[in-house]
Amino acid sequence: MRKHKAVTLERRDDGIYRAGFACFVGRPNAGKSTLTNAIVGQKIAITSSKPQTTRHVIRGILHRPDAQLVLVDTPGLHRPRTLLGERLNDLVREVWSEVDVIGVCFPADEPVGRGDRFISSEIGALKAKVIAVVTKVDLVDQQTLAQRLLAVSELYDFAEIVPVSAVSGHQVEALTDVMVRYMPESPQLYPDDVLTDEPEQVLIAELIRESALEGVRDELPHSIAVLVEEMLVEGNLTRIFADLYVERDSQKSIVIGTRGARLKEVGSRARVEIEQLLGRKVYLDLHVRVAKEWQRDPRQLRKLGF
Ligand SMILES: Nc1nc2c(ncn2[C@@H]2O[C@H](COP(=O)(O)OP(=O)(O)OP(=O)(O)O)[C@@H](O)[C@H]2O)c(=O)[nH]1
Ligand SMILES: [Mg+2]
């Protein structure tokens, strides 16, 4: 995806151009994708209040006059209960062995827990600089924040601990500066106007999934997968045919809703977002299909891109 408008940022310059990779890791729902979007300045990763929203590794690119920062958003690390869960955890480990900086994210509005301790115990042996990012600071008071910062500092010898809010924008730039400082001297890695190397069809499928996640509960969010089957450009209009997969018939009726009302809502919400992404008019044709227990089935996982 390419950016629509030019970014003009003034930066102090030590004359060195830096470029490299950083990733955000952390337990599900810690705010990794929201932060990635805030830094890149455009929505490239979907977000939701449901844990385990992110299922792919998504690269977002920040361009500055003095640096290029390739941010890798990863799925939340968790104890896997399905084959999909195992695949997602493997993905995270693959990424963190390849980047220059790892930002371990801890949500300020929740106490440091077992998952956080587990993640912190795993990152020690890696070549990357490891920093801690305390996210969602807009949700807590000063005292709570101070407690969190202390608890985080006791987990691991982080190179830095940066509190941020992706929603208010507080300290987002400071976090970026920290990550850039740890990037190696390097030529530019991506052309000037590329914001992500994610294929358009994947971004579109993700926007549909994000829309479908709204208002569903319990196990259903995890059961939803989306595949764009076909895109046809007709003059000013793009026709998109997509399949929304669930795991059971009962889920299918929930997603469709009474006389299709829910599915219609999901479709029109997604369409608005897709039109914004493509900058073109979109006709979206959504079909709901059942892929029995796809999260545990290697063949179906492959079909769905995992
Ligand atoms: N108030 C507030 N909410 C935030 C902030 N950052 C993220 N959130 C919310 O936290 C929830 C989870 O955010 P995500 O960015 O999807 O979290 P994630 O870590 O990517 O989650 P997974 O992909 O499931 O691992 C969403 O409802 C966000 O709107 C923040 O800085 N402030
Ligand atoms: Mg995410």
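The values are calculated or read from the model by the stated rules, or taken from the named source; none is laboratory data. Quantities reported herein were computed from a predicted structural model and do not represent experimental measurements. Counting neighbours? That spans all protein chains shown, and the Cβs are built from the backbone with ideal geometry, glycine included. Note: accessible area is taken over every heavy atom of the protein model, side chains too, but ligands, DNA and RNA are not part of it. Shrake-Rupley method; radii C 1.70, N 1.55, O 1.52, S 1.80 Å.
Which condition from (1) in a helix (DSSP H, G or I); (2) of a type outside the set (S, T, N, Q); (3) within 11 Å of ligand 1 (Cβ to nearest atom); (4) open to solvent by 40 Å² or more (accessible area, probe 1.4 Å) is the one that E86 breaks?
The failed condition is (3).
Output the residue which, of all residues in the range 198-232 that are part of a strand (DSSP E or B) and of a type in the set (V, I, T), is surrounded by the most Cβ atoms within 10 Å (Cβ to Cβ).
Going through the range 198-232, the residues part of a strand (DSSP E or B) turn out to be 225-232.
Subsequent filtering for residues that are of a type in the set (V, I, T) retains 226, 228.
Values: V226: 22, V228: 20.
In this case the residue turns out to be V226.
Go through (1) assigned to a loop (DSSP other than H, G, I, E, B); (2) touching a residue at least 40 places away in the same chain (Cβ under 8 Å) for L126 and report which single condition fails.
Evaluating L126 over (1) assigned to a loop (DSSP other than H, G, I, E, B); (2) touching a residue at least 40 places away in the same chain (Cβ under 8 Å) leaves (2) as the failure.
I'm trying to understand the selection: among the residues of the range 59-83, which are open to solvent by 10 Å² or more (accessible area, probe 1.4 Å) and either free of Cβ contacts under 8 Å to residues at least 24 places away in the same chain or away from ligand 2 (no atom under 14 Å from the Cβ) (or both)? Break it down into steps so the answer makes sense when it comes.
Within the range 59-83, the subset open to solvent by 10 Å² or more (accessible area, probe 1.4 Å) is 59, 62-66, 77-83.
Across the range 59-83, the qualifying residues are L62, H63, R64, P65, D66, R79, P80, R81, T82, L83.
R114: more than 30 Å from H63 (Cα to Cα), surrounded by 19 or more Cβ atoms within 10 Å (Cβ to Cβ) and not hydrophobic (A, V, I, L, M, F, W, C), yes or no?
No: the conditions fail for R114.
Does G305 fit the bill of being assigned to a loop (DSSP other than H, G, I, E, B), in contact (Cβ under 8 Å) with a residue 12 or more places away in the chain and either open to solvent by less than 60 Å² (accessible area, probe 1.4 Å) or touching a Cys at 6+ places or on another chain (Cβ under 6 Å) (or both)? Steps first, please.
Values: assigned to a loop (DSSP other than H, G, I, E, B): yes; in contact (Cβ under 8 Å) with a residue 12 or more places away in the chain: yes; either open to solvent by less than 60 Å² (accessible area, probe 1.4 Å) or touching a Cys at 6+ places or on another chain (Cβ under 6 Å) (or both): yes.
Yes, satisfied.
Among the residues of the range 43-56, count how many are of a type in the set (V, I, T) and open to solvent by 30 Å² or more (accessible area, probe 1.4 Å). Step through it out loud before you land on a result.
Here is the first cut: in the range 43-56, the residues of a type in the set (V, I, T) are 44, 46-47, 53-54.
Now restrict to residues that are open to solvent by 30 Å² or more (accessible area, probe 1.4 Å): 47.
Final tally of qualifying residues: 1.
For the range 17-69, enumerate the residues that are within 14 Å of ligand 1 (Cβ to nearest atom) and of a type in the set (S, T, N, Q). Explain how you work it out, then say what you get.
Within the range 17-69, the subset within 14 Å of ligand 1 (Cβ to nearest atom) is 23-40, 43-58, 60.
Across the range 17-69, the qualifying residues are N29, S33, T34, T36, N37, T47, S48, S49, Q52, T53, T54.
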